[in-house]
Amino acid sequence: MKPRRAFTLIELLVVIAIITVLVGLLLPAVQKAREAANRTRCLNNLKQIGLAMFMYADTHNSLPSAYIYHATPLIHPPLPLPGLRKLDRPPPKPAPPQHPGWGWAALILNEIEQNNLARIINYNLPVESPSNLPARTAILSVYDCPSDTSTGVFTVKAERNVDVASAATNSYAACFGFGGLPNSAPESGNGAFYRNSQTRISDIKDGTSSTFLIGERAALFAQSPWAGVVSGGTIRTTPGAPVYSALYEQAPVMVMARIWNKPLNSPLSEPYDFFSPHTMVGNFLFADGSVHSLSIATELTILHALATINGGEVVDESGF
């Protein structure tokens, strides 16, 4: 009877060691190739968004608004409840409504071949209206960067953590400009997008090849609805985001981001900043329809100039 051949313990350990080394060598290459493919898909998303923007502008004679707001008369505050003492602390003042709130990504649905989705939206009702639930929770791949790990349906919360509405995320934000206050003064941006903006291509004095339209703000950093602004809600730093502080901003920031005094992907970034899920670069759509990957080390002076539509503007230091 012939003896059965088998690996000795030493041979087995050597084989395992060799396999481990090979996996260690191959894994970074596989991850690098995967990230390169994801970055290409992300650039393609922005290219599609750019084509849709120009188709919208051809039809409406301007780019879409960052979001739509219809002013409503102020409602007289209710009378004090019986027994309420004069010195009792008043209830917190709610954030002003931003109805209906439909954002740039919802306004170009027909141009990205999402006509059926556009048809089920009642644009006269607020984004957070119950009847608009099926639309605002629809996941659209063109608005999800494949490197963004926190996309999908999430819950928009009010300042005191009360659930406001469910919505699907957007990995991209419209450029509000350089500085300014997209949270409390959303109509005052110096970029291509702000509340009720109707920017024409001819309004971009900096040159279309030198002006941001849309940039990345990954959901892994701050989740925001593609549908638009949810009144009463906030945009918050996503738990586990690669930044130092967990912060929140008011509802208008859901659709817009700005350039200010921090570089791209700064660990000090706040929800109104652009933030990329890619390694060392952030992807942007420019007003000439081109898309580019900018290094996160790009100088702030360059980013400032790219964020605005006008040349030679005076920087307002109060915008911080």
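Each reported figure results from applying straightforward, stated rules to the coordinates on display, with no laboratory input. Only a predicted model underlies this, so the values are computations on that prediction, with no experimental measurement involved. Quick reminder, even Gly has a Cβ in these numbers, built from the backbone with ideal geometry, and neighbours come from all protein chains shown.
Details
- Full extension of the segment from ALA246 to THR301, taken as 0.36 nm per residue of separation minus the current Cα-Cα distance, would add 17.1 nm.
- Nitroxide proxy distance, nm - points 7 Å out along Cα→Cβ at LEU133 and MET280: 4.7 nm
- The range 88-187: equivalent-ellipsoid semi-axes (sqrt of 5 x gyration tensor eigenvalues, Cα, Å): 25, 18, 15
- Rough spin-label spacing in nm, given labels placed 7 Å along Cα→Cβ, for ALA118 and THR208: 2.0 nm
- Under 5 Å, built H, 5+ apart or other chain: amide partners of TRP102: ILE68, VAL127, VAL229
- Cα→Cβ-extended label distance, 7 Å offset, between MET55 and SER266, nm: 3.8 nm
- Close amide H partners of VAL164, meaning residues 5 or more places away or on another chain with modelled amide H under 5 Å apart, are VAL156, LYS157, ALA158.
- Close amide-amide hydrogen proximity is noted between TYR172 and ARG217, each under 5 Å apart and 5 or more residues distant or on a separate chain (H modeled in the peptide plane; Pro and chain starts excluded).
- FRET E, pair ASN196, THR20, Förster distance 56 Å, beta-carbon r, rounded to 0.05: 0.40
- For the range 234-250, 3J(HN,Hα) computed residue by residue from phi via the Karplus equation (6.51, -1.76, 1.60; θ = phi - 60°) reads 9, 9, 10, 4, 5, x, x, 4, x, 9, 7, 10, 9, 10, 9, 10, 6 Hz, glycine and proline entered as x.
- Normalising by residue count, the range 191-241 has a Cα convex hull of 102 Å³ per residue.
- Three principal axis lengths of the range 140-254 [C-alpha, angstrom, descending]: 42, 30, 28
- Rounded to the nearest whole Hz, the Karplus-based 3J(HN,Hα) values (6.51 cos²θ - 1.76 cosθ + 1.60, θ = phi - 60°) of the range 134-145 follow the sequence x, 6, 6, 9, 6, 8, 10, 5, 5, 9, 10, 6, with x at glycine and proline.
- Every pair of different Cα atoms in the range 153-212 enters the Kirkwood calculation, which places the hydrodynamic radius at 13.8 Å.
- Dividing the convex hull volume of the alpha-carbon atoms in the range 229-269 by its residue count gives 74 Å³ per residue.
- Shape summary of the range 258-304, radius of gyration then Dmax from alpha carbon positions: 10.4, 31 Å.
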